[in-house]
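Written below as structure tokens is the structure these notes are about.
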Amino acid sequence: MTTSNLSYPIGEYKPRESVSKEQKVKWIQALEEVPAKLKQAVEGMTDSQLDTPYRDGGWTVRQVVHHLADSHMNSYIRFKLCLTEETPAIRPYDEKAWSELKDSKTADPSGSLALLQALHGRWTALLRTLTDKQFQRGFYHPDSKEIITLENALGLYVWHSHHHLAHITELTKRMGWS
């Protein structure tokens, strides 16, 4: 696998011009399934395996699990802000710096796995109540200087989940752990 494929094993995210109601239903279902798939991907891994980076210069499996929890907590809050405020400016965070914190590098992933299970339960419960008009609401991202609609944010976080799951599953295959 090339370095590019190791960085983006499922390709880069491309927002859609429009998203059908059926696509949103599929994305919500996919988001709901992520915690179980992630748990299955790391189940039985040793500390040595958890501390293996998915590529040279990349995060370890442990860091990826904790990153997903950190990132998806931020996203859930962004969704709630967007639904209760008019085009809020979101607060970016330095995900690389967060991944270097001691908890991201050493904590047992079970806490983040449990957090993701609960978080995705709440998040998908919320998403299933949204109207098409609510999915068109957006937040302003100061880094990209664009307004991102909730329907595109949903697509992005489904991609994000599968992107990092692929980092772990591809590493597992390459290392012969499965």
One residue from 159, 98, 177, 123 being of a type in the set (A, V, I, L, M, F, W, C), in contact (Cβ under 8 Å) with a residue 24 or more places away in the chain and in a loop (DSSP other than H, G, I, E, B): 177
When residues of segment 53-77 are limited to those that are without any contact (Cβ under 8 Å) to a residue 24 or more places away in the chain and within 29 Å of residue 138 (Cβ to Cβ), the one most open to solvent (accessible area, probe 1.4 Å): 77
Looking only at segment 3-52, and only at residues there that are without any contact (Cβ under 8 Å) to a residue 12 or more places away in the chain, outside any loop (DSSP other than H, G, I, E, B) and farther than 19 Å from residue 155 by Cβ, the one that is most open to solvent (accessible area, probe 1.4 Å): 40
Residue within segment 147-168 that is over 14 Å from residue 31 (Cβ atoms), of a type outside the set (A, V, I, L, M) and out of contact with any Gly (no Cβ under 9 Å at 6 or more places or on another chain) present: no
Leading residue by the ranking (most open to solvent (accessible area, probe 1.4 Å)) among those in segment 78-126 that are within 14 Å of residue 153 (Cα to Cα) and of a type in the set (S, T, N, Q): 87
Condition broken by residue 143, with the remaining ones in (1) in contact (Cβ under 8 Å) with a residue 40 or more places away in the chain; (2) open to solvent by 80 Å² or more (accessible area, probe 1.4 Å); (3) not in a loop (DSSP other than H, G, I, E, B) satisfied: (3)
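The values are calculated or read from the model by the stated rules, or taken from the named source; none is laboratory data. Quantities reported herein were computed from a predicted structural model and do not represent experimental measurements. When we count neighbours, we look across all protein chains shown, and the Cβ atoms used for this are built from the backbone with ideal geometry, even at glycine. Surface areas here come from the heavy atoms of the whole protein model, side chains and all, with no ligands, DNA or RNA. Shrake-Rupley method; radii C 1.70, N 1.55, O 1.52, S 1.80 Å.
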